[in-house]
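Q: There's a structure below that I have some questions on.
Every number in this text was worked out from the coordinates using simple rules, so none of it is lab data. None of the values given here were measured: they were computed from a predicted structure. Cβ placement follows ideal geometry from the backbone for every residue including glycine, while neighbour counts extend to all protein chains displayed.
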Ligand SMILES: Cc1cc2nc3c(=O)[nH]c(=O)nc-3n(C[C@H](O)[C@H](O)[C@H](O)COP(=O)(O)OP(=O)(O)OC[C@H]3O[C@@H](n4cnc5c(N)ncnc54)[C@H](O)[C@@H]3O)c2cc1C
């Protein structure tokens, strides 16, 4: 595609970039997706887990599935939607910890959520850890859940941001993989893969994107890279955009890493059940046993624990998981499990983490990051979403919003 033919260049081919690109292309506007990785999808990433079982190393759950646009896209692609409620939303046969403990912790989570919902709309924001009753029994596990949910411990999380998150409570999965659906949605859209954008010059008539493969010029650009990369100025803007760097710095990427394990002789476990590694510490894994009824365990690690384990690679994750599982099921259990796959999202130079959270007092950074600059530079991606941040559907909706704004600019003005 010749430079002078590109109306909109889109930096990043994740859920936001692909969503924007499809909408613009369908409106007859010429687009080019520019993606640093050699693949589409970004943090939506399905790989072959062996025996024909796709596994999602990034997003897996269609959160708010009853209003999630990816649900309809997946159906239109002919995918199989699994509507089994997630293990965190139903009582499963207690595995590991005794049932009264699980019920008591469930109460504590509901209580915490009620406190978040009741937080005053106006007035100063605070860290979510301030909602914990000092010394209460489940504080550590509540903190562990925060590392799965937000990718960080509660003392770093804004209550105001948490309370803005919209969740219909309906969670589905796609058997073929969420990442498969996101990547396939880019079919037919021109894309340049393996082409990192290093700088964006928006001073002249056309926006100039300096990439590893030369300069690409377009009328407008949509930037969808993760917020951490904007905060680190991995892409330099000319003129500089200090307000964007500042907004992105308020929205760091939390960390959550999944390790998939094969499980031999797992039939005794209820399908889609869950086990906490420990219920009395923050540094613990959540183990989803027999996801989709498969002979696997999907282990989830977040926050500081995941960051520490990444230093030792997959072997460190496996050793940690094997140790925790052996505490519950006995030391022979290790011989029944083996690593299938994982992706270290913090070490990934094109992500630097898993999903964004807002620091206390910084919830409004999401709207600031999303504001267009001179109707020529647009920003999208999960961190720009006020109510669906940290999700693939939130990312998609911000991409769609940027596309709609551009379509409105392209419409012929009504004659006087
Ligand atoms: C372990 C894990 C579990 C998750 N679970 C869920 C879940 O169950 N449900 C859910 O909804 N969400 C989940 N998420 C979050 C979800 O995956 C993300 O919110 C969403 O995919 C982000 O989409 P995006 O388009 O905003 O960003 P990205 O997918 O990160 O897309 C941005 C793209 O920009 C590219 N890029 C970066 N730098 C450059 C550059 N300089 N030049 C060109 N391209 C560049 C990147 O390679 C990437 O492809 C999970 C994420 C992780 C990591």
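Q: I'd like the orientation of helix 392-410 relative to the chain: the angle between its Cα long axis and the longest Cα principal axis, in ° from 0 to 90, rounded to 10.
A: Orientation of helix 392-410: about 10 degrees from the principal axis.
Q: Averaging sequence separations of C-alpha pairs under 8 Å and six or more residues apart, then dividing by the length of the chain, give the relative contact order as a whole percent.
A: 24 percent
Q: Roughly how tilted is helix 139-149, in degrees to the nearest 10 and between 0 and 90, from the longest Cα axis of the chain?
A: The helix 139-149 is inclined about 40 degrees to the chain.
Q: Among 76, 231, 268, which one shows the biggest mean-square fluctuation in a GNM of the chain, springs joining Cα atoms closer than 10 Å?
A: Evaluated over the chain, the most mobile residue of the options is 268.
Q: May I ask you to derive the FRET efficiency for residue 268 and residue 30 from their Cβ-Cβ distance with R0 = 60 Å, giving the value to the nearest 0.05? Present the calculation step by step, with values, prior to reporting the outcome.
A: On the way: r = 57 Å, r/R0 = 0.95.
So the FRET efficiency works out to roughly 0.60.
Q: Can you compute the helix-only [θ] at 222 nm over the chain? Use -39500 (n - 2.57) per DSSP H run of at least 4 residues, normalise by all residues, nearest 500 deg cm²/dmol.
A: -9000 deg cm²/dmol
Q: Below 8 Å, C-alpha to C-alpha, sequence gap of six or more: please give me the relative contact order for segment 158-219 in percent.
A: 17 percent
Q: Tell me whether the chain comes out rounded, prolate or oblate; compute the Cα gyration tensor, take square roots of the eigenvalues as a ≥ b ≥ c, and use a/c under 1.5 as the rounded threshold.
A: It is prolate, given that a/c is not under 1.5 and a/b is the larger ratio.
Q: Antiparallel DSSP bridges in the chain: what percent, to the nearest 5?
A: Among the beta bridges of the chain, antiparallel pairing accounts for roughly 70 percent.
Q: Among 26, 201, 122, which one shows the biggest mean-square fluctuation in a GNM of the chain, springs joining Cα atoms closer than 10 Å?
A: 122
Q: Which order do peptides 170-180, 344-354, 10-20 fall in by mean Cβ count within 10 Å, highest first?
A: Highest to lowest by the protection proxy: 10-20, 170-180, 344-354.
Q: While we're on this one: Residue 335 to residue 80: extension gain in nm, 0.36 nm per residue of separation minus the Cα-Cα distance?
A: Computed gain between residue 335 and residue 80 is 88.5 nm.
Q: Take the chain, connect every pair of alpha-carbon atoms lying under 10 Å apart with a spring to form a Gaussian network, then pick out the residue of 89, 199, 186 with the largest mean-square fluctuation.
A: Result for the chain, Cα springs under 10 Å: 89 fluctuates most.
Q: Please work out whether segment 79-162 counts as rounded, prolate or oblate from its C-alpha gyration tensor, where a ≥ b ≥ c are the square roots of the eigenvalues and a/c under 1.5 means rounded, while otherwise a/b larger than b/c means prolate and anything else oblate?
A: Oblate shape, in that a/c is at least 1.5 and b/c is the bigger or equal ratio.
Q: For the chain, find the longest principal axis of its Cα atoms and tell me its angle to the long axis of helix 15-26, 0 to 90°, nearest 10.
A: Helix 15-26 sits roughly 40 degrees off the main axis of the chain.
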